[in-house]
4 protein chains.
Amino acid sequence: MATLTKLIRPLSEDAQGKRERRKEARPGELLDAALDLFVEKGFAATRAEEVAARAGVSKGTLFLYFPSKEELFKAVVRENISGRFSEWNEEFATFEGSTLEMVRYCIQVWWERIGATRASGITKLIISEARNFPDLAAFYQQEVIRPGTDLVRRILQRGVARGEFRKDLDLDYAVFSLISPMVHLIMMKHSLAPCCPQDYPLDIERYLKSIADNLLHGLCVRREAAA
Amino acid sequence: MATLTKLIRPLSEDAQGKRERRKEARPGELLDAALDLFVEKGFAATRAEEVAARAGVSKGTLFLYFPSKEELFKAVVRENISGRFSEWNEEFATFEGSTLEMVRYCIQVWWERIGATRASGITKLIISEARNFPDLAAFYQQEVIRPGTDLVRRILQRGVARGEFRKDLDLDYAVFSLISPMVHLIMMKHSLAPCCPQDYPLDIERYLKSIADNLLHGLCVRREAAA
Amino acid sequence: MATLTKLIRPLSEDAQGKRERRKEARPGELLDAALDLFVEKGFAATRAEEVAARAGVSKGTLFLYFPSKEELFKAVVRENISGRFSEWNEEFATFEGSTLEMVRYCIQVWWERIGATRASGITKLIISEARNFPDLAAFYQQEVIRPGTDLVRRILQRGVARGEFRKDLDLDYAVFSLISPMVHLIMMKHSLAPCCPQDYPLDIERYLKSIADNLLHGLCVRREAAA
Amino acid sequence: MATLTKLIRPLSEDAQGKRERRKEARPGELLDAALDLFVEKGFAATRAEEVAARAGVSKGTLFLYFPSKEELFKAVVRENISGRFSEWNEEFATFEGSTLEMVRYCIQVWWERIGATRASGITKLIISEARNFPDLAAFYQQEVIRPGTDLVRRILQRGVARGEFRKDLDLDYAVFSLISPMVHLIMMKHSLAPCCPQDYPLDIERYLKSIADNLLHGLCVRREAAA
DNA sequence: CATGAATGAGTGTTCATTCAT
DNA sequence: GATGAATGAACACTCATTCAT
């Protein structure tokens, strides 16, 4: 059982670990360290020296690769915003099964490739710091949110087109019904769950199954009883 | 049409008479100003002097009422965590209509009393700063999240008991299907929406209706075997 | 047995005490409170509000009587520098007994009228703050040190003139032999003794007797053995 | 003629190359600067930036070596409390001459090694700030005052044992007859003398000789019954 | 007169950033 | 390149002083 609180990485994982670092790896290690710290403590509360220390280099070295803490932050975000949407679009464009299966697959794949990985921290980061980095927020909106929303929208549209989903879906807004539980899960994972582990013994499989079930079939027993 | 980006409060415009003695009003004004700024910029990036200025007083005055910036933050959170759940529990315990109506009413009422008000900023604040203020996060978890979750769970249970909702609901997790769109809306309202207004021309009524519809009836046309 | 550490006044002696204060007494009470606090914590570390609180008035009232903290300090010093030297000079000018008796009497009287009283705090105060208040130091030098030294010098001279004291006394410097133990006693009383009570179980009578004995008769068994 | 007011050090005159890397030297330079300033103006009235400036570095550098102004103060005191007493004890334990010579030698050596040096400032510092730093005062009491007092006591005892000093000396208190003029001299040097130079044209040799003479032989012409 | 709420200059401390080595 | 000592701008917080009531 994959519990939410088990997913938080321990902080000092590789503080000592690999001493035989290749020089070319430096920026990557700095970005790695920075991602963890920014997600955990926020941009302002993260000290440049701490990032450097966790990456196993000196403070000065950090500024050798990134001209400022702000640029480091931006690099962290850019680095972790995968432009894999074309690949994913392809994947979903050629999907063969029912749209119901597609939705479940979509959720599963999102969890495996984003939700469960450190990439999920980026979402937390963006949402927390958006107001202080509006250009980054816009960038994220454009590179991730919009393509993601479009992808989801296309899936839903396919369902409607194929007669699987309700004709009267308000497509522009129905995407939130699918996206919200993912965003919410990320937020929990990176904020409250680490603070109150006993309150978040989430079984991810059940979580994902439950939201997929409810999303597809609704809470109600039958369809005709509109509220 | 209530658009998300219209909901951000403009700067305070008063700050009239200086040196006016009004001890009673000060703390509230400071908490008000602090809430706005903390939500907008985060705890660390908000300067004490700025909070004071927005409240129309000098820096020194802030520290007359709150011993430190951290205590101000805690006061902001505590102040805005109303213990209104007993009242709400009452309201829902004596609800007369169908549980479908109840869910719609719940969403509507949540928006009016929380989502649309500045109280929603607290959720953003907590989620953004939880790791830096774990005690506050725990406090919020206990005072808000847990009672809120319980309330929602009771509603769902009522629906199952009355035969309105599916028997096979995974109650512990179904609550997220209702809560996630609310949390997500709050996050959007306080982070990306102010940065990319053109991307968030959200019509709240449609948003709320859509998630309620989908939550209750699912995306699918009819209830066949789950995919 | 009068032990040094018993002589330190408890801080909150009259915090509540006499509520029926006469208005005319205010400045005096402020000076009283200020003296204690300045002696205990030094000028800089003493807060005006604390002085006011101990005197049982508000912060504003203090500044009603003294234009600034610095003026308060100066007033404290001036107030406690008794111009009683003319009286004392009289007393010693008409002294009838031997100069040995005179020296012992001088020490005793100093202790009773200065050393044992709160006036002794002034010396501690002046010495500690002299560099920050050079004009006050000069004032003290002129009003207290110089007359005091002169008085002592006259006593010693009387002893020499009457053949009681050694002819070869270096009068200008011999005064220190009498004054130093007094200054030292004051310093101990107001600094180290309150911090290390167990190290300063001083029996004042023995202290005064010992220094008088040694001053008058020296440590040596007989006079001719010059070192 | 060594006059007391000539002994005050002028401001530092170096501060040459900036950004010179010399980690080893910094703490010492800062402690040096801090000692001077703390002695002159007291702890509270000395600004951290001023200490740094006098040491020829920036404010930030000070906090690189000392975590706080208070720790700087403590370091200043500790640094200057040399544990040289064992060496001195040795020196006096093996002293060959008369105890009269020993007393004169003791006074002379004290002046050369402590009184005339900046170490004397520590005594002034401790006495002025004891009430604000009780733990440091206790530390000083234990590390300096007690060993010093013991050393003096042993000298006096030697004199009594060898029949050089009076049998009826009250040893516990007689130590003050020797120590007080030293403490007093330090106090004058660091407080009133710099303010009223014309009042303190002290000839140290005469001062030391006078107190030694009077201490050993007393003021009186011959040893008659104590008054 | 007395109050105490309000002020703002001043200071300790932090930390991103620089640069001599 | 890499380092880490040094910097100084920025900010939290204090407290003497003011002044409307």
Given charges at Cβ of Lys, Arg, Asp, Glu: chain C dipole, positive-most of C:Val76, C:Gln141, C:Thr123: C:Val76
What are the extents of the Cα atoms of chain B along their three principal axes, listed from largest to smallest and rounded to whole Å? 68, 38, 32
Only Lys, Arg, Asp and Glu count, each charged at its Cβ (+1, +1, -1, -1), so figure out the dipole size of region B:64-135 about its Cα centre, rounded to 20 debye. 360 debye
For the protein assembly as shown, the charge dipole (Cβ of Lys, Arg +1; Cβ of Asp, Glu -1; about the Cα centre) points to a positive end, and the Cα of B:Phe95, A:Ala45, A:Cys196 closest to that extreme belongs to A:Ala45
Share (percent) of C-alpha pair distances in the protein assembly as shown greater than 51 Å works out to 45 percent
Tell me, for the rotation carrying B onto D, which chain B residue has the beta-carbon closest to the axis and what that distance is in whole Å. B:Ser68, 9
re region B:15-145: pairs of Cα atoms spaced beyond 23 Å account for a percent value of 42 percent
List the pair-distance distribution P(r) of region C:124-189, using every Cα-Cα distance, as the percent of pairs falling in each 5 Å bin from 0 up to the bin containing the longest distance, rounded to whole percents. 4, 16, 21, 20, 18, 10, 7, 4, 1
Under the helix-only model (-39500 (n - 2.57) for each DSSP H run of 4 or more, divided by the residues of the protein assembly as shown), the mean residue ellipticity at 222 nm, to 500 deg cm²/dmol, is -18000 deg cm²/dmol
Estimated dipole of the protein assembly as shown in Debye, rounded to 20 [Cβ of Lys and Arg +1, of Asp and Glu -1, Cα centre]: 180 debye
Sorted from fewest to most neighbouring beta carbons within 10 Å, what does the list D:Met182, A:Met102 look like? A:Met102, D:Met182
Directionally averaged shadow of region A:95-144, computed from the convex hull of its alpha-carbon atoms, nm²: 4.2 nm²
Based on Cβ point charges of +1 for Lys and Arg and -1 for Asp and Glu, what charge dipole magnitude is obtained for region D:144-215 about its Cα centre, in debye rounded to the nearest 20? 280 debye
Using only C-alpha atoms and all pairs of different ones, pull out the Kirkwood radius for region B:53-127 in Å with one decimal. 15.0 Å
Peptide D:162-172, shielding by other chains (average Cβ, 10 Å cutoff): 4
Between copies, how far apart are the C:Glu87 label points? List them in nm, one decimal, shortest first, with each point 7 Å from Cα toward Cβ, please? 5.2, 7.2, 9.8
Unit-weight point scatterers at every alpha-carbon of region A:143-227, Debye formula, q = 0.16, 0.23 1/Å: log10 I(q)/I(0) is -0.78, -1.19
Put a label point 7 Å from Cα along the Cβ direction on B:Lys209, then list its distances to the equivalent points in the other copies in nm, shortest first. 3.5, 10.5, 11.0
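Every read-out reported here was derived from the displayed coordinates using simple, explicitly stated rules and does not represent laboratory data. All of these numbers come straight from a predicted model, not from anything done at the bench. Neighbour counts are summed over all protein chains in view; Cβ atoms, including those assigned to glycine, are modelled from backbone coordinates with ideal geometry.
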